[in-house]
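The values are calculated or read from the model by the stated rules, or taken from the named source; none is laboratory data. Here the structure is a predicted model, which is why all the values come from computation and not from measurement. Note that each Cβ is placed from the backbone with ideal geometry, even for glycine, and that neighbours are counted across all protein chains shown. Ligands, DNA and RNA are excluded from the accessible area calculation, which covers all protein heavy atoms including side chains. Shrake-Rupley method; radii C 1.70, N 1.55, O 1.52, S 1.80 Å.
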Amino acid sequence: MASPSSSSTVGRGAGSKPKSPKLLEVLNALEEEESSHSREEIFIAPPDNASGDFTDEDSGDEDGPRGSHLPGSVLHASVVPEDSDTEEEEDGLQRQLAVKRQKAAVEPQRVWTKRDIRPDFGPWTASDPHMEDLKSQELSPVGLFELFFDEGTINFIVSETNRYAWQKNVNLGLTAQELKCVLGILILSGYISYPRRRMFWETSPDSHHHLVADAIRRDRFELIFSYLHFADNTELDESDRFAKVRPLIVRMNCNFQKHAPLEEFYSFGESMCEYFGHRGSKQLSAGKPMRLGYKIWCGTTSRGYLVWFEPSQGTLFTKSHRGLDLGGSMVVKFVDALQERGCLPYHIFFDKVFTSVKLMSILRKKGVKATGTVREYRTERCPLKDPKELKKMKRGSFDYKVDESEEIIVCRWHDSSVVNICSNAVGIEPVGLTSHHSGAAKTRTQVHQPSLVKLYQEKVGGISRMDQNIAKYKVKIRGMKWYSSFIGYVIDAALNNAWQLHTICSHDAQVDLLAFRRYVACVYLESNADTSSQGRRSRRLETESRFDMIGHWIVHQDKRTRCALCHSQTNTRCEKCQKGVHAKCFREYHIR
């Protein structure tokens, strides 16, 4: 892992110092090594000081290039190894290594035995009354989305945005209604995007979007979006590089966990938030839909519901947990968040970035099951067959050992390559069969597969499913602030979670993710449009949306109003049209 820096050196050797490679050179080298299975990351640290107005701004263009088309100033930034920032940091690292060596000398050696694991975890018997309550409420897509962007969160953003504008001597006067219009436009930009966002309001027939133009004026949107804020600049924690968005992270994590499905199996891993500006905690990560951006530690259900997340700040700004590395410490934080709902025998799956025998031991003491692939140097000298020897054996061959004292198993399995996998809860038996394609013979063969490998492959994909859903229709509009793309990521994650709840709770026909996002965007833009300055436009908008047969949902209302069709009293209404209508009149009203 490496980080762009203003420094022109890579090492501190005597004599002349070599120049740092440029980001473009590093990217080219990675492209040439695409066939390699090694993982390379580029880490760019965010601003050192979380306070100060300069950290609100980003020198990148709002409508600048996206994807792999990075600006030259980014491509030609110097890159240095992460562990060579300053002499003080190097000295601190040396002291940490010395402490680790002392601890290693004191810790007793593990005794490994050739037998299967005998776990002592109880069965999963927990029920989920909260999910049953959500099912009974039959919430619409907007209602599900507002479980996360609830009234408290909306009012908080409105308050902080108005405070920030007032600190800049601007009387913004933002309301919750206007903020929902802004959110609606951001959501809509995920499936309808223009090279320049101002094209939404242009009068040209090839670009004008009346739903956006009728909801809020262009200059008003630009003004609100430029002052959008999530923390009080006078009360920022300078040790937190994401202090500008920390209150939003806390609120979202609270809401995500509150409404998360209570399940046994969870995935933990890394997600990427796309970002191409000049500041921020950026990384280039292989195998992700968005390769360059912020790295986010994420814990999800096996289906891809985001339960907990935390943006990565690097090792210098994150306190490790009892001798674990950064990745292992994040797993423990996620487990602590899960156990706030009860100390249940959760089962966490993660990859070799996080797994170690020490982490398995800590999770076992917390009453949590865990399974993950593991690097050989983290197996604490488990005496398994040499990988070269195992490769000479037929596919499906494996070797395994169990730690006698803590019932932790390490298995080495030969598939297309040799894989090490570690668990504190699942063993070898029963050994199953799995079908694999043989490239040379062009046939499918049956190979043996240990039980822990089978379960790992079935349950580890939660992070990938979430990444896939977010990447499909992610928010395209970004601002000048370095954290604006992170806000888009939070909105996309909330929509993904709301859709996941919809697939669980819906008794009728389920809608796909695109239709779900379209419904939320249309309702937010139509229901919160500024009708005071629309004139005849509002009548046209109402007429067009009433008969479009898209996203109309009947919901309960506390105050009785007259039905728009039969004119008698009703306590139900169309959420999109914002008109009172009986259930029996609902279909006829939208086709007449």
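Under 1.5 on a/c is rounded, so check that first for region 127-201, then, if it is not, pick prolate when a/b is larger than b/c and oblate when it is not; a ≥ b ≥ c are the square roots of the alpha carbon gyration tensor eigenvalues. Cα axes put region 127-201 in the oblate bin.
Calculated FRET efficiency, residue 557 to residue 530, Cβ-Cβ distance, R0 = 22 Å: about 0.45 to the nearest 0.05.
Between residue 442 and residue 133, full extension at 0.36 nm per residue minus the direct alpha carbon distance yields a gain of 106.1 nm.
Ranked by the mean number of other Cβ atoms within 10 Å per residue, highest first, peptides 395-408, 151-164 order as 395-408, 151-164. Peptides 211-221, 461-471 ranked from most to least packed give 461-471, 211-221, packing being the mean of other C-beta atoms within 10 angstrom over each peptide's residues. Beyond 29 Å in Cα-Cα separation lie the following of the pairs 135/476; 135/459; 391/459; 369/394: 135/476; 369/394. Pairs spanning more than 31 Å between alpha-carbon atoms, out of 333/385; 180/295; 474/576: 333/385. Stokes-Einstein, applied to the Kirkwood radius of region 387-532 over Cα pairs at a viscosity of 1.567 mPa s and 4 °C, places its translational diffusion at 65 µm² s⁻¹. On the beta carbon distance between residue 156 and residue 392, with R0 = 56 Å, the FRET formula returns roughly 0.35.
The heavy atoms of residue 590 present about 10 square angstrom of accessible area, all protein chains included, probe 1.4 Å.
Carbon and sulfur: what percent of region 340-490's accessible surface (1.4 Å probe)?
On the way: 3240 of 6530 Å².
After summing per-atom areas, the C and S share lands at 50 percent.
Here r is the Cβ-Cβ distance between residue 218 and residue 343 and R0 is 51 Å; the resulting FRET efficiency, rounded to 0.05, is 0.45.
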